[in-house]
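Please read the structure below before turning to the comments.
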Amino acid sequence: MKLQRKNRLRALSLGAVAVSGALALTACGSDDTGSNGSGDASTAANASSIKCDDAKGQLQASGSSAQKNAIDAWVKQYIQACKGVQINYNPSGSGAGITAFLGGQTAFAGSDSALKPEEVTQSKKVCSGGQAVDLPMVGGPIAVGYNVPGVDNLVLDASTLAKIFDSKITKWDDAAIKKLNPDAKLPSTKIQAFHRSDESGTTDNFTKYLIAAAPDDWKYEGGKAWQAKGGQSAQGSSGLAQQVKQTEGAISYFELSYAGDGINTVSLKTGAADPVAASVENATKAIGAAKITGTGSDLALEMNYKPTEAGAYPLTLVTYEIVCDKGNKSDTLPATKSFLNYIASEDGQKLLADAKYAPIPDEIITKVRETISNLS
């Protein structure tokens, strides 16, 4: 949920156009939903709640790859109702998305981390008379996926994870892993730890968890760029998931929606009595305990990475849609508000669980809707 900003802004912009054009073609192609009865009824019911208002034209956006599958599901529904709008979302990573937004290249950005103070200050150059705000829109656990043949259930804690991703634990039959999994037949296979090669809000949230829950074992400052030595890297959440799927001994982190196709995921040992699995329900419990730390229209959240509540999965991220509270471009404001209103609506949030994401709790999403209605 990364890149040097000024020197690569032009490249990012061109890349966004190229990739988003491909996504736009995919979205347009998804107009044909087939004729399988209940699927059509669901689509019609969802689309009927969308208010297009004066929305029209192309809406450029980019950022978090973690929310790509959610965006795809939303766009498929939205363009059924608002055929005059084309939404181009480039899942370039949170860092790249913020860079493009601050450069005036996009109407909104997706980020798995809230804006930094200096980024808010910079946004005032783009948001005439206003500034950028963080709108929590998508929740979900960061799954720790692994590929160890013969081991279908694996429990790890923050300390062990920190040592694995810092190259301090290098074999799957290490004593620390055995202690947490006494009944598992752990092989001596070399651990292949993969991290993001691009700046990522998912990396930021993953390392925030390690810093908070295992401070003695993770000595790095954290942030969107990976800092630990060793390991291997891949681009985007999809790239990491692909590496885990095809590499024996691999382990990595990515949003739960990418943990399909038979990828096993780790259960985390927390302060609760039982290990906690990465699931939508367990992520929702964690988000519900988060605190709003943003001021005014900004709704940035602070997560609790050391829960004691049963079933609260601590490695949970929230993806924000970043938009100007005031000073949005007049040609894209109607489409921006229309689309954001839909994805924050009850129907929009309902789609998340089917795509392995966690809906934002009512008390938070209600404030998001209020903020969207006042965008100008």
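Worth pointing out:
- Residue within the stretch 126-138 that is among the polar types (S, T, N, Q) and closer than 28 Å to ASN341 by Cβ present: yes
- Matching option when the condition is out of contact with any Leu (no Cβ under 7 Å at 6 or more places or on another chain), at pLDDT 95 or above and part of a strand (DSSP E or B), among SER159, SER233, SER167: SER233
- Residues of the stretch 270-288 classified as surrounded by fewer than 19 Cβ atoms within 10 Å (Cβ to Cβ) and under 20 Å from ALA214 (Cα atoms), total: 6
- Of the set (1) assigned to a loop (DSSP other than H, G, I, E, B); (2) open to solvent by 10 Å² or more (accessible area, probe 1.4 Å), all apply to VAL151 but (2).
- Where SER376 falls short, out of the listed (1) hydroxyl-bearing (Ser, Thr, Tyr); (2) touching a Ser or Thr at 6+ places or on another chain (Cβ under 7 Å); (3) not in a helix (DSSP H, G or I): (2)
- Remark: LYS356 matches the filter, which requires a residue to be within 21 Å of ASP72 (Cα to Cα), open to solvent by 70 Å² or more (accessible area, probe 1.4 Å) and in a loop (DSSP other than H, G, I, E, B).
- Some residue of the stretch 204-227 being in contact with a His (Cβ under 9 Å, 6 or more places away or on another chain) and under 16 Å from VAL318 (Cα atoms): yes
- Residue satisfying condition, being over 29 Å from ASP134 (Cα atoms) and not β-branched (Val, Ile, Thr), within set ALA241, ALA273, ALA312, ALA286: ALA273
- Residue match in the stretch 117-129 (condition: of a type outside the set (A, V, I, L, M, F, W, C), under 14 Å from the mean Cα position of the chain (by Cα) and not in a loop (DSSP other than H, G, I, E, B)): no
- Considering residues of the stretch 291-348 that are of a type in the set (Lys, Arg) and over 20 Å from LYS125 (Cβ atoms) only, the residue least open to solvent (accessible area, probe 1.4 Å): LYS337
- Residue in the stretch 185-193 that is closer than 16 Å to ALA143 by Cα and either crowded, with 24+ Cβ neighbours inside 10 Å or under 22 Å from the mean Cα position of the chain (by Cα) (or both) present: yes
- Residue list for the stretch 194-218, restricted to those being part of a helix (DSSP H, G or I) and either on the phi > 0 side of the Ramachandran plot or open to solvent by 40 Å² or more (accessible area, probe 1.4 Å) (or both): LYS208, ILE211
- Looking at GLU221, GLU255, just one residue is among the acidic types (Asp, Glu) and open to solvent by less than 40 Å² (accessible area, probe 1.4 Å), and that residue is GLU255.
The values are calculated or read from the model by the stated rules, or taken from the named source; none is laboratory data. Model, not experiment: these values are computed from the prediction. Cβ sites come from the backbone with ideal geometry, for glycine too, and all protein chains shown count toward neighbours. To get the accessible areas, we keep the full protein, side chains included, count just its heavy atoms, and leave off ligands, DNA and RNA. Shrake-Rupley method; radii C 1.70, N 1.55, O 1.52, S 1.80 Å.
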